[in-house]
Amino acid sequence: MSKSVHESPTEATRLLCAGTYLDIEFRRRVIEELVEHEERPVAPSLGVDVVPVLTHALRARGQDTVTALLLLALWTGFIAVDVASTPEGVELPVPLWSTAYAVVCMAHWAAHTAAGRGSAPYVVDRRTLRQALKGNAALRALLPVGIPVLTLAYWAFAFWALYQGAENWAGIIFPLLLVLPVWMHRQRVAAVMRDELNREAFLVRPRALPTTTYHHRIARSIDREQYAGLTIYDPYRPFIGMGVPYEPWSFALELKKRRDAAPDGPAPFTGRTVVELIRPRLEALREATAATSRDRLKDLEIEEFVYLPVGPQRTGVAYDDQIVRRHLAESVNEGGEARRYFLRVRVGAWDEQVVVSVLVRVHTQGGMLVLEVAPHVLPPVRPEFRAVDVIASRGEDDLVRDGVRALLTAPAAGFAAAVSTVRSAVSGFRTWLADPRRAVPDGPAGSVREMGAVPQVSLFQEMDISRYVKTVQDRIASGVRDALRAQGYETDQFEQQIVQINEGGVFIGSMSGGAVASGAGAEAKNVTGSGKR
């Protein structure tokens with residue numbers, strides 16, 4: 001088992017915790033995967049502690065609910081006063097001002113949603129409306145101007161009506177009162193960012209844990225699973241939590257004894273034999289790097305890992321060290337389809353923002369050596385979550401400036417809090433109705449770390465990823481080659497295949513006729529006949 005991440009809080013964990021306050025959709029997906037689908041084990045956590053992320057997601061949802069209830073009370077008063085102030089002689093009282101301001105709030109929320117920026121109290125996505133609506137020229141021209149114009153039109157009409165003697169004070173007072181819950185919400189979020197999620201505080205504060213018995217039970221299950229040496233998987237969703245595949249490859253090689261080899265080898269040639277020769281080379285790489293540089297390879301982690309197919313209920317899966325060791329010992333040589341053994345090599349780079357995992361599987365049945373290498377990459381956490389540092393840097397004396405921000409964001413944020421609360425109520429009812437603890441067993445369908453990641457990496461990060469993968473693959477190849485030599489097997493064909501794979505080429509064991517081309521812009525022609533060329 002690897003070192004528990006919650007013993008050393010990572011930057012990725014901190015940013016994902018902050019993301020639950022900054023992005024309502026991310027928070028919803030976290031709660032949906034971990035709470036609504038309690039029947040699913042959590043995916044392996046690479047460089048992230050999932051429990052604090054869930055804890056902050058639940059707290060953020062609770063704060064949204066409190067804000068929504070305060071807003072509901074104010075809206076109820078707004079509508080009641082608006083109806084009561086309807087001029088005499090009107091047969092059907094109409095809440096004119098509350099309806100008009102509701103249209104303004106809905107327009108603000110719709111604009112933020114259309115831009116993909118969400119509508120949490122802090123709007124952190126850097127995309128503009130023009131970029132988000134790139135394919136629609138009409139909306140691209142209308143929304144950036146139309147929403148401010150609509151808001152100004154409401155206030156201009158409200159003050160004009162008041163100037164004309166209309167008793168519409170509710171149309172001015174209540175929109176200002178509706179700013180207060182949003183302002184309070186922003187202050188609570190800022191306090192969390194400042195006191196719990198800033199860089200220094202996050203490293204020394206106790207680990208955040210859920211408060212309710214129900215969610216505490218889920219947290220215990222997550223702790224049991226996220227750093228274990230085995231995981232449950234669905235055959236149609238393998239490698240959940242590992243990230244994006246990065247040039248996986250495999251080959252099969254017939255085992256042929258060398259002419260000068262002894263008739264009887266020193267020991268049976270098995271997958272365990274190969275693994276025990278690969279591991280020392282990876283450990284030597286880690287030690288040499290630690291002694292000579294600050295390269296992230298000095299923190300390289302080497303683990304044995306086993307995937308088990310979906311079977312018993314989540315609570316029926318044993319993660320005890322003794323059980324895990326038994327699975328590892330039995331699966332390393334069996335080469336089965338369901339239970340799969342891997343040697344997992346992990347490099348956490350860029351403060352765990354980029355996680356490179358190389359999964360290696362070896363089996364030697366039927367006089368064949370089969371080597372499978374599946375590198376995966378977890379890309380960085382979304383950069384907009386770094387707004388936590390901006391918010392945390394603001395002092396408690398920034399009340400006036402934050403009040404103005406609340407005034408500008410209140411129409412969208414208030415509507416968003418209401419939408420979030422309705423979704424939370426629906427989620428709670430759906431969870432109660434489904435009773436996921438007794439649902440059909442399932443494997444992980446999503447990873448919290450993957451949910452909060454961007455789809456691409458920078459050029460520097462891509463260069464580092466390529467270097468890590470190639471370096472680890474070189475050590476793996478040398479271990480397999482030494483294993484073949486120690487057992488008296490030929491290595492020429494193996495070495496030729498490895499060279500071709502490392503150089504990005506194509507290895508062909510034998511060929512008659514035809515043509516081969518490889519690489520960008522390559523062209524191959526097959527010309528037959530005896531004419532001169």
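Bear in mind these aren't lab numbers, they're just calculated from the coordinates by the rules spelled out. None of these values were measured; they are calculated from a predicted model. Glycine also receives a Cβ, built like all others from the backbone with ideal geometry; neighbour counts cover every protein chain displayed.
Numerical summary
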read-out	value
Anisotropy class of region 1-86 from Cα gyration tensor, a/c 1.5 cut	prolate
Region 270-341 - convex hull of the alpha-carbon atoms, volume per residue in Å³	116
Calculated over region 155-309: convex hull of Cα atoms, volume per residue (Å³)	326
Cα pair distances exceeding 13 angstrom across region 269-311, given as percent	63
Extension reserve of the ALA80-GLU330 stretch, reckoned as 0.36 nm per residue once the Cα distance is removed	82.9 nm
Evaluated over region 262-419, the Cα radius of gyration and Dmax, each in Å	24.8, 86
Alpha-carbon radius of gyration plus Dmax, which is the widest Cα pair, for region 363-471 in Å	23.4, 76
Order of GLU11, GLU352 - criterion: other Cβ atoms within 10 Å of each residue's Cβ, fewest first	GLU11, GLU352
Sorted by Cβ density within 10 Å, fewest first, the residues TRP75, TRP97, TRP160	TRP160, TRP75, TRP97
Rh (Kirkwood; distinct C-alpha pairs) - region 390-432, Å	12.6
Residues of region 306-335 with amide N under 20 Å of the 7 Å Cα→Cβ point at ALA252	332-335
P(r), alpha carbons of region 201-255 - 5 Å bins starting at zero, rounded %	4, 11, 12, 15, 17, 14, 10, 6, 4, 3, 3, 1
Ranked list, fewest to most other Cβ atoms within 10 Å of each Cβ, for ASP435, ASP82, ASP260	ASP260, ASP435, ASP82
